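Okay, so here's the structure we're looking at.
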Amino acid sequence: MKLIKLLSAASLSIAGVSAGPSAPPAASTRPQLSVRTGITIRDGNFTDFDGLEPTITWENSQQLPNEVDFRYGIDLSARTTNLASLPRRIWGRASRRFAADRYSLSTRLDMDVQRMDRVDFQIDAADEDNDLKLTMFGSAAASLKRFATSPRVSHVEFTKGFDNDGNRITINPRYNVNYDHMDVVMTYDADDTLITVTASKDDQEVTISQQLNDDNMLSPTISRDGSLSLAWDRKLGDHNSVRTTLNPNRSVEVEWKDEAWTANVNFPMEEDSMKGATVHIKRDVRF
């Protein structure tokens, strides 16, 4: 409960809202048990078995003063019998809209309970009238006294959108502080065609995605160094899909999603042969 209070106070302080008497909490969601298992096969041999990693997820929400929506939750490991190792992650998100919903501000804080010396944060802000969004990631010391003076931004990006005769244009500059890397992503969406350009000082690439029909889309990509790739997305109905990506002289990658199952196959390409295939299969089960 102390961790919940820490995340709540920190989220509200970033959102510029003072804590006060809160409204009655909304009914909490039913805890969910998520089980994930994975198998990896290389050259026809089992090389890895992820095993069962059951996780119990619980979350709740409530309305705070000044029309602040607050959500919080915790992930628990259902595999260990060590009480100290049960909590995995705890999080909280405070969101608020201003000026007749023109502006919005949201702050999410995450803490690894097994490493309680820091809190990771994500800040999202938007101006709906000007079609402008800001996203920021970072971390800070897990102490209310030091939180306001110790935050460190690791990534920041802006997205500006434009409407042009029914078509959509976006410009998305991004900066990774940790790696001192900056790039910009520009998109042009015209009905069944989406053009995406990603450019930095070291590399540039262009992807043209063409929707062939309701179930099929082709997306060729060319990079500055002349390398090519071709992705084929096919919908199979009921939220099932297959994505096949051909990287000439490098690999063929296939991702097949079938309800709770996901299979990833990677075929490395060496000259005219394909060997050393890797297959990874996983399944999420929710109770």
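The values are calculated or read from the model by the stated rules, or taken from the named source; none is laboratory data. Everything quoted here is computed from the prediction, not taken from an experiment. A quick note on method: Cβ atoms are made from the backbone with ideal geometry, for glycine too, and the neighbour counts reach across all protein chains shown. Side chains are part of the model used for accessible areas, which takes the heavy atoms of the whole protein and leaves out ligands, DNA and RNA. Shrake-Rupley method; radii C 1.70, N 1.55, O 1.52, S 1.80 Å.
Looking at Arg234, Arg243, can you tell me which residue is charged (D, E, K, R) and touching a Ser or Thr at 6+ places or on another chain (Cβ under 7 Å)?
Result of the check over Arg234, Arg243: Arg234.
In this structure, does Asp203 turn out to be closer than 27 Å to Glu157 by Cα and either among the aliphatic types (A, V, I, L, M) or without any contact (Cβ under 8 Å) to a residue 24 or more places away in the chain (or both)?
Taking the combined requirement at face value, the residue satisfies it.
Which count do you get for residues in the range 100-120 that are more than 17 Å from the chain's Cα centre (by Cα) and under 13 Å from Ala140 (Cβ atoms)?
4
Here is a list: Asp180, Asp233, Asp189. Which entry is surrounded by fewer than 12 Cβ atoms within 10 Å (Cβ to Cβ) and not hydroxyl-bearing (Ser, Thr, Tyr)?
Asp180
Which of the numbered conditions does Asn213 fail, given that it passes all the others? Conditions: (1) over 28 Å from Thr135 (Cα atoms); (2) touching a strand residue (DSSP E or B) at 6+ places or on another chain (Cβ under 8 Å); (3) open to solvent by less than 80 Å² (accessible area, probe 1.4 Å).
Asn213 satisfies all of (1) over 28 Å from Thr135 (Cα atoms); (2) touching a strand residue (DSSP E or B) at 6+ places or on another chain (Cβ under 8 Å); (3) open to solvent by less than 80 Å² (accessible area, probe 1.4 Å) except (2).
Out of Ala100, Ala148, Ala140, Ala125, report the one residue that is modelled with pLDDT of 90 or more and either within 30 Å of Ile171 (Cβ to Cβ) or open to solvent by 60 Å² or more (accessible area, probe 1.4 Å) (or both).
Going through Ala100, Ala148, Ala140, Ala125 in turn, just one is modelled with pLDDT of 90 or more and either within 30 Å of Ile171 (Cβ to Cβ) or open to solvent by 60 Å² or more (accessible area, probe 1.4 Å) (or both): Ala125.
Assess whether Glu255 counts as being assigned to a strand (DSSP E or B), closer than 22 Å to Ala277 by Cα and open to solvent by 60 Å² or more (accessible area, probe 1.4 Å).
yes
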